[in-house]
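Here is the structure we will look at.
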Amino acid sequence: MNSHRITGAASAVALTLLIALTGTGTAHPAPRPAGPAYVALGDSYSSGVGAGSYQGGDCKRSSKAYPALWAAAHAPTSFAFTACSGARTGDVLGKQLTPLTAATGLVSISIGGNDAGFSDTMTACVLNDDRTCLDRIATASAFIRGQLPAKLDAVYDAIDSKAPHAHVVVLGYPRFYKPAATDCAGLSETKRTAINKAADLLDSVVADRARSHGFAYGDVNTTFKGHELCSGSPWLRSVTLPVDESYHPTAGGQSGGYLPVLTSAARVAGRAAAG
């Protein structure tokens, strides 16, 4: 990574403006400073699958997804939303990076879960016995440890090359189940525990590779805590229809789980750029 990389997003510096008064003495409000040029990359957790209010098309980009919510609140100078349901690292490289330029100030991304076989793993665990579930999780975990790091590096290198001045926020995935839940219908405790451990492993690898590139890592387990499945107040869908929305954040998970993590990281970047 370029050693001169700007550590924060190129956000507007807040200035004190002289307020012009009208003849009646009414003050005109100062215009809101524009946020950085923002590009949202990634998979279904970034596109907003499970949150509803989709914009149309196969990618199921939601107006309730955290990228759209952040853009609505911060008025970036430009906003490109290329995250797509089902995306893997190769899809990001081949289809999502076009909006990135040297002028891009903020990039967000969640990626890696589909490479590791997220959908197949959850299907195996829902439809089969504990042994089959654990075997499929073991296969996914081996991929996460052995092959995923290089795939993530390829994506992060490409982002760094195309948007060298951007503050990049890599967001992780939440644990699905409340730990040691005593009243939890559906999957066995053995399956739930193994699924949570696999999610933690995925997050640890994603975080490690992101930080090695100088990117910020957003741990959404901090905000999803108490809102896992079996918590009584879940921000994740269990098995549902349409099936592809199963085990994805609800609109509440996007606004309460993901958005604050991105907002915090972007705010830190703004202060760094201003200072």
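Odds and ends about this structure:
- Residues in the stretch 100-121 that are out of contact with any Lys or Arg (no Cβ under 9 Å at 6 or more places or on another chain) and farther than 22 Å from residue 211 by Cβ: 103, 118, 119.
- Residue list for the stretch 56-87, restricted to those being within 22 Å of residue 243 (Cα to Cα), in contact (Cβ under 8 Å) with a residue 24 or more places away in the chain and surrounded by fewer than 20 Cβ atoms within 10 Å (Cβ to Cβ): 58, 86
- Of the candidates 216, 142, 163, 210, the single residue that is buried (at least 16 other Cβ atoms within 10 Å of the Cβ) and either more than 20 Å from residue 260 (Cα to Cα) or without any contact (Cβ under 8 Å) to a residue 12 or more places away in the chain (or both) is 163.
- Of the residues making up the stretch 106-122, those that are over 17 Å from the mean Cα position of the chain (by Cα) and buried (at least 17 other Cβ atoms within 10 Å of the Cβ) number 3.
- The helices (runs of 4 or more DSSP H) found wholly in the stretch 127-241 and carrying at least 1 residues that are over 19 Å from the mean Cα position of the chain (by Cα) and more than 28 Å from residue 41 (Cβ to Cβ) occupy 130-146, 189-212.
- Residues satisfying the criterion are absent from the stretch 171-188 (criterion: touching a Leu at 6+ places or on another chain (Cβ under 8 Å), at positive phi and not small (Gly, Ala, Ser)).
- Filtering the stretch 140-180 to residues that are in contact with a helix residue (DSSP H, G or I) (Cβ under 7 Å, 6 or more places away or on another chain), over 16 Å from residue 121 (Cα atoms) and among the small types (Gly, Ala, Ser) leaves 154, 158, 172.
- Failed condition for residue 195, given (1) out of contact with any strand residue (DSSP E or B) (no Cβ under 7 Å at 6 or more places or on another chain); (2) of a type in the set (Val, Ile, Thr); (3) surrounded by 14 or more Cβ atoms within 10 Å (Cβ to Cβ); (4) closer than 24 Å to residue 127 by Cβ: (1)
Coordinate-derived values only; no laboratory data. Note that the structure is a prediction, hence the values are computed from the model and not measured. Methodologically, a virtual Cβ is constructed for each residue, glycine included, from the backbone with ideal geometry; neighbour enumeration extends over all protein chains shown.
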